[in-house]
Structure formats: structure tokens, C-alpha cells
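Encoded as C-alpha cells, the structure appears first; notes follow it.
The numbers here are math on the coordinates, done by the rules we state, and not lab data. Keep in mind that what you see is a predicted model, and the values were worked out from it rather than measured. Backbone-built Cβ (ideal geometry, glycine too); neighbour counts: all protein chains shown.
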Amino acid sequence: MTTYLDWAATTPPDASALAEAAGLASECYGNPSSRHAPGAEAKARLEDARARLAAAMGAPVAGRCRLAFTGGGTEGDHIPMLAVLRSALNARRDGSIKVLRIVTTEIEHSAVYEEAHILKSLGLDVRFVEPRPDGRVAPQDVAAAVDKDTALVSVMAVNNETGAVQDLGGIAEAIGAASSALGRRAAPHFHSDMVQALGKVPLVFGSGKPGPDSAAFSAHKIRGPRGVGAFWTASPPEPLALGGGQEWALRPGTENLQGAWAFAAVAEAAGRTFEPRVEGARALERRIIEGAAAIRGALVLPEGRAPGDVRYSPFIVSVAFPGLSGEVMVRALADVGVAVSTGSACSNNSKRKGRRVLAAMGLGEELSLSAVRVSTGELSSGEDVDRFLEAAASAYGKLRT
Amino acid sequence: MEAFYLIKIGEILLKLGNRREFEDRLRSQLHARLELAGIPHKVEMYPGRYFVRVPEERARDAEIILAATPGVNGYARAIKTEKTVDAVLAAAVEVARGRFGQGLRRFKAESRRSDKSFPLGSFELSARIGAVVLDALPEAKVDLHSPEFTINAEIRERAYVFADPEPGLRGLPVGSGGTGLLLLSGGIDSPVAGYLMARRGLALEACYFHAYPYTSEEAKQKVVSLARILASFTGSIRLWTVPFTEAQLRIKKEARQDLTTLMMRAGMMRVAQLLAAKIGANCIVTGESLGQVASQTAENLRFTQSYTDYPVLRPLVGMDKEDTIRLAKRIGSFDVSILPYEDCCVLFSPKHPMLKAKLGREREAYEALGLESYLVEALEKAERIDVAPEWARAPRLP
């Protein structure tokens, strides 16, 4: 029996939501774009799912606001980024690129980070803002990177390695103020990767109040199926990837009714259980942090993170075991049936060797390489945490070098 | 249709005393490899020449094997004909057409005649070949000094006509030098060392020290992949993975920090000594190169060497890293070696390792570790994997 403490990587799906969605998709087999009865029915169900998902997330849908289903979180992040490429190419008649700026951070998930590097290599001016030692980027640091040609600011909501919650409202205000000071007519588009925030922390949407203009979500992080996500926006960007015009052309391709339905169902469940789940996560967070403190030599990153600190998602805790590589710890724990990870399961960038997020926070190589990420979810128990702590203490005692 | 290959052998011919043994070894090597690849074949031996016959549809597979078998100097697709002038000339035109089709024009003809009953002398035969080829292919040109291709005719027990042979690996047939135990890591050097010694006639078994969980399962699979590449040259390879974690932890705990790497190398050499004896190897092969890392100074090599009485063959000892990398790329191991599953031995390496071991003093330090029981246990727990070459998986004909 595995002790699963890797919920930030993915979650055990809600089998009944998946089954219900599969049944519905088999029944409503029409293409939502088709002008006949089966098509109309599928379309109606899709719109149902959209309305329910928006309500569950608290995402504004009035006016120009859109909530588009996507193929996952990564795709949602790419939509506004690729839109910048389109603008940059559009701005010049001779086919050369206008050097628009994208401001993002050193702590982004690879979905944004790697794509930003590609856009940079294609000629865009990409700035990576460093986090402060607490793992959060300061609004003024983001604002300072904005110039008159900045087309996009992209800052994640919750970091996937440290759980650091970013001040999206504060960042939106700061870039607004900076834009006015620069004499810009409007602030740049502000996007946020909210994959680790959905169902875990209160979401901030910038429609009528300071916040992001768009956000990306993923269903499988909240017990939904893989391969479906959502892209919310209050000011739709001009997409680079075109097709049959589905989802306001933001995400072309025949709609995934099964995925959309399941996503709506698990989002509703997550909404209903939000408070008790967060409370449960806070208790586990305390157990992890206090338990780690009791292991000689081990420490929580960033140092000084205390239980209940609202600057961090209680669902993610980074624990370092100096003198023992995080990868080795993960293997040792896996051998005794405890599943944790070293951070993002999908990060292979060799540029910042090892752990770029922790390194960007100013942590030394040895410390950052020795970290493992423990992430919990609604099925996690105190015993799970205890098993982790026990196994980690034993492996650390035996294997530390 | 049958593809008929003439095999040129080189160095074997120098070994007059035990030439027969060498020839038998090469023959059995060729036979075993073709068998393993599931290629129906015949290997024929005549003085100074080998012949391999395989079905036309497996010709490509057979060529891959011929090109990777030590002891083969070169091989050529040949036409075997009756020993009549007409038949030889017809074959020569066919060979020329093949080269012509590849865009080659300037040629010369070379003949060898060991059967003196053949009506034409070698010089006359070459001249006749030139004439018929020019006749059949008017755009061809004779060029004796820098030909683009050569038409070879050999009149022996039968007549053979072939174009330029493809180069083989040369060297000596695998096994003629005995069996070497190769210390195989996931790095760039040790596979190259294994390849070089296989060319010198060593059969190989390999030993990999696996320090799980410090080293990952992927790191081990990488070593298996490297062994598979080496097996293309040796025909097959037996890989021993020795669990080394307990020994390493013991060293880490007991040894002075600057000596940890040295002690580890000594422990590995001691395991190699025991394993070599167990499998009947007659030497140990490593990828060490003088001065490349701290453990590879002459003093430190002397120290680690003192834990075995087998000769430690280090074919890379005088090679520059760039040269090793070039060879690694040529044999196809480089891209595997640089896969990022680094062994976490980095965590074990001291910041300031001992550079010049003093033999007596360091041997005392090693003795004090009490490592022997850990090493014996590691060897007992060693896992044995028989690794076949890539081409062993070639599909068998129905």
C-alpha cells in the first residue's frame, strides 16, 4: 500500500465523476459544433459544464469574460504567451519581429518557463523576476520590469515546489501603477498559472478588481481526469493557434465533453469541501513542519516557514535533508512505499542545474538539491505524514553523507 | 539469391605458431554472431581467405556483423564464378556496373592468380578486364594511380571477382587473448576501454558497482545499454552488477574524508580481483587515464593496483579526453554515456582528495576499514545479466 504524498504532481481521480462523465459523453456523442439534435444536446451539456465550473471557481463570466476548456494547464499558459508572438509578428509589415517584452519569474512552472525561453530565443525580450527569499515575488520587482513595450506579465498563483502563494492583487496594482507612470494607455495583459491554486487557496480574478486578466487551470490536480484544463480570461488575447473556432477560437479543436463534464463535477466537489479540506491540510502542514523540525538536520524550505502561514499553500511543503540528495531520498522513500517527489515532475531544464526554483530563492546548491516536496490532499491522513516522517528520518540517518 | 562475402584477415596471418587456433576462433566468432542474429549462413575457410554466405535478404544484417567483428580486416561482396576467362570477365563487368551506378568512373583492375593452370597471367587478365569494362561502359576511365574503384579478380580454388573491400575492425578475434573483466561505469571512458581491448582479442565480462539508492535504476539501465553496445563488438557480454551501497557507507563512516575516493577504488579493485578469479578472467580492464581525476595519479593507481594481482589493462592511460570522446562517438556509446543519470557519488567525493597516496600508509588505512566482509557480501549479492548485442534481436526468417 502506497503512502501517497505527491498530490501536487497529480491526484487520485474521483472515480464516480469520471464514470458519470464517460456515460454522458457516450450518450451525448454529437459534435457540439454540429447543427443537428445530437450536436445541440452535446453543446447544451458543454455549456452546462462551463457554467458549473465557472460557478465552482468563482470565475467571472459576464461581458468579455471567457472560460474556455483546454487540453490542460500547460496549454492554458501557452495561449497568452503565443498571442504575444502573434502581436510581435503582426506589428511589422516586413516580417521582422517587434521586440515586445514579456515579464515572468524564475519560479514559474516549466509550462511557462520553458516557453518563455523559446520566445526569448525567437527574439522577444523576456525578463525573469527573481523571488525574494520567502519564495514570493515582490509586486514592485515585477512592476520594475515592466516597460512601454511589455505585452504580457505572467506570474503563477502558487509555486509548485514551495507552495508560496503569490500576491496577484498586489502585482496587478503595481503593474497598473507602473503602466500609468510610463504613460501607457493600458497595463500589459497579466496572466497567472493557477494550476496549484485551484481548490487550494482563494482565487483572484481581475475583473472589476485588481488581479490577473487570464488564468490557466488543470483538472487532474483536483481529482479530475488528465488532458483537460481551462483558460479563463477577462480580455481575450488573439490566439496564435487557430482551427475550427471552438471555445471562442482560444482553444480550437472538437470539444472534450467528457473531460469538461468531469472537470465541472470535481471542481464543484472541491468548492463544497473547500473549508474542511484547507483546515485538514493546515493540520497536516503543521504535522509535517513540526515533524521535520524534530528530525536532526532536516529543515523546511524556506527556512522559518511556520504552520498556518497564509503566504504558503498548506497542501505543499518543501523539506530539505542536507547531505542527502533529494533524488536519493525520493528513491529511498519509494522503496518503503512512500511517494513524494523532488518538485516538479516535469522539469528537466539543464540550464539551472538541479533545482532552479530553490536556487532562485538564494538557497545554496547543496541545500536546494537536498529538498523533497511533500504534498497532501483530501485523502491524506496524519498517519500518512507520520509514515513519511518515520521513513525519511530512517533513510536520512542511514544514507546522509 | 545468396550474398557471398569474401573476408580479408590480417594480423592473424602473423601468428604462425598458433595460426590454426586463431583461425578457428574467428570462424567460430563469425558463426556464433550470425547464429545469434538468426541469419542462415555458411562460413568457409580457404588459405588466406574466409567466405561467408548468407541469404540475400539478410545481407545488410550480415554486413553489420562483419563490420563489427574483431579479426576481420575487410570484407567485400564478391561474385564467385567458374574458372573460365569468359565467366571472370562477365563478372568483372557486373562488378563495374555496380560501382558505376554509384557514380564512380575511374577504375583499375587487379588480378591474383594462385592457380597457374588458368590460361591468362594476372597482368593479362587485368588488361582484359579493363578492355571489357571500357567496352561495356564507355564513360568509364582507366586510372591506375588514383582510381575511384578497383575491380579485383582472384583465381584460386574458384574464381572471385569483387570491388573494393569495406574496412573491418582489424585486430584479433575475440577470445584469443582470454577474458578481461571490464570495470564498467556509466561514463564515457570505460566503454571505449572495453571496445579497444575487445579489438585486441579479449572476450569481456563487465562489472558495475550499483550504489542504490544513491545511483538510480535508470543509471543501471544506462550501463546495460552501454554493455549492449559493447556486445556488438564482443558478440555478447556478461554484466555483473555489484550492490555497493553498504561498502560505500562503511567507507564514508570509517575513512578519513580525503581518502574516501581512494578507499572506494581499492574496494572496487578488491571485488574485481575476487570476481575475476570466480569467472576465470585473466586480466582487469579499466578506463583510467593518467591524471584525468584525482584517483588516477600514478601514485594512486599504484595503490589501487595493489589490491589485485591480475594485470590491470588501461588502454586509455595515455589518451587525451578528446580522443576518447571521438572514439566513444564512433562506437555509439557517447550519446548513452552523457545521459544525465549521474551517479550521486558526487556526494561521496571529498572536496580535497588525496592526490599522491603513500602505499604503505594508505594500505594501513584501508586495512583499518574492515571492508572485506562487505565486499564479499556484495559479490555474493551480485546480479548477473547476459547482454546480447542489438542485432541479436533481428527478426528470424520463418
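Here is how the numbers come out for the structure above:
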quantity	calculated
Alpha-carbon Rg with Dmax, taken over region B:239-311, Å	12.6, 35
Proxy reagent accessibility, fewest Cβ within 10 Å first, across B:Ile79, B:Ile64	B:Ile64, B:Ile79
Cα-based Rg / Dmax (Å) for region B:279-374	15.8, 44
Rg and Dmax of region B:182-239, Cα atoms only, in Å	11.1, 36
Percentage relative contact order, chain A, counting C-alpha pairs under 8 Å, at least six apart	22
Whole-number percent relative contact order across chain B, with pairs defined as alpha carbons under 8 Å at least 6 apart	18
Volume of the Cα convex hull of chain A, divided per residue and given in Å³	133
Order of B:Thr304, A:Thr2 - criterion: other Cβ atoms within 10 Å of each residue's Cβ, fewest first	A:Thr2, B:Thr304
Among beta bridges that DSSP assigns inside the protein assembly as shown, antiparallel share in %, nearest 5	55
Kirkwood hydrodynamic radius (C-alpha pairs) into Stokes-Einstein, region A:1-67, 10 °C and 1.306 mPa s, D in µm²/s	110
Rounded to whole Å, sorted largest first: equivalent-ellipsoid semi-axes of region A:225-357, Cα gyration tensor	36, 21, 15
For B:Ile129, A:Ile295, order by how many other beta-carbon atoms lie within 10 Å, fewest first	A:Ile295, B:Ile129
Share antiparallel - DSSP beta bridges, chain B, percent rounded to 5	55
Share of pairwise Cα separations in region A:207-260, more than 14 Å, in percent	60
Estimated D of region A:237-310 in µm² per second, where Rh is the Kirkwood radius over Cα pairs and Stokes-Einstein applies at 4 °C, 1.567 mPa s	79
Over region B:73-158, equivalent-ellipsoid semi-axes from the Cα gyration tensor in Å	21, 14, 12
Fraction of the pair-distance distribution of region B:84-227 above 20 Å, Cα-Cα pairs, percent	62
Extended-chain gain in nm, criterion 0.36 nm per residue less alpha-carbon gap, A:Ser26 and A:Arg226	70.2 nm
Between helix B:260-279 and chain B: long-axis angle, C-alpha atoms, 0 to 90°, nearest 10	50
Debye, to nearest 20: dipole size of region B:196-326, +1 on Lys, Arg Cβ, -1 on Asp, Glu Cβ	200
Per-residue [θ]222 nm for chain A (sum of -39500 (n - 2.57) over DSSP H runs n ≥ 4, rounded to 500)	-12500 deg cm²/dmol
Furthest towards positive pole of dipole, B:Gly101, B:Leu125, B:Ala91, structure part region B:64-126, Cβ charges	B:Gly101
Alpha-carbon gyration tensor eigenvalues x 5, square-rooted, for region A:1-153, Å	36, 24, 15
Value of D in µm² per second that Stokes-Einstein yields for region B:178-279, Kirkwood Rh from Cα pairs, at 25 °C (0.890 mPa s)	172
Prolate/oblate/rounded label for region A:129-269 (Cα gyration tensor, a/c 1.5)	oblate
Alpha-carbon centroid distance for the pair region A:43-67 / region A:205-265, whole angstrom	10
0 to 90° range, to nearest 10: angle between helix B:189-199 axis and chain B longest Cα axis	40
Rounded tilt (10° steps) of B:217-234 against the dominant C-alpha axis of chain B	40
Region B:238-332: trypsin sites (Lys or Arg not before Pro) falling in loop per DSSP and having at most 15 other Cβ within 10 Å	B:Arg256
CD proxy at 222 nm, helix term only [per DSSP H run n ≥ 4: -39500 (n - 2.57); per residue of chain B; nearest 500]	-12500 deg cm²/dmol
Computed over region A:180-236: relative contact order in percent, which uses C-alpha pairs under 8 Å that are six or more apart	29
Check: chain A dipole with +1 on Lys, Arg Cβ and -1 on Asp, Glu Cβ, in debye	740
Cα centroid separation - region A:143-182 against region B:257-312, whole Å	57
Extreme residue, positive dipole direction of the protein assembly as shown, given options A:Leu168, B:Tyr366, B:Thr304 (C-beta unit charges)	B:Thr304
Size of charge dipole - the protein assembly as shown - debye, nearest 20, with Cβ of Lys, Arg +1 and Asp, Glu -1, no other charges	1620
Binned Cα-Cα distance frequencies in region A:116-184 - 5 Å width, integer %	3, 16, 25, 23, 18, 12, 2, 0
Given charges at Cβ of Lys, Arg, Asp, Glu: the protein assembly as shown dipole, positive-most of A:His189, A:Val338, B:Pro350	B:Pro350
Centre separation in Å (Cα based) which lies between region B:79-156 and region B:352-369	67
Span per principal axis, largest first, for the Cα atoms of chain B (Å)	82, 44, 42
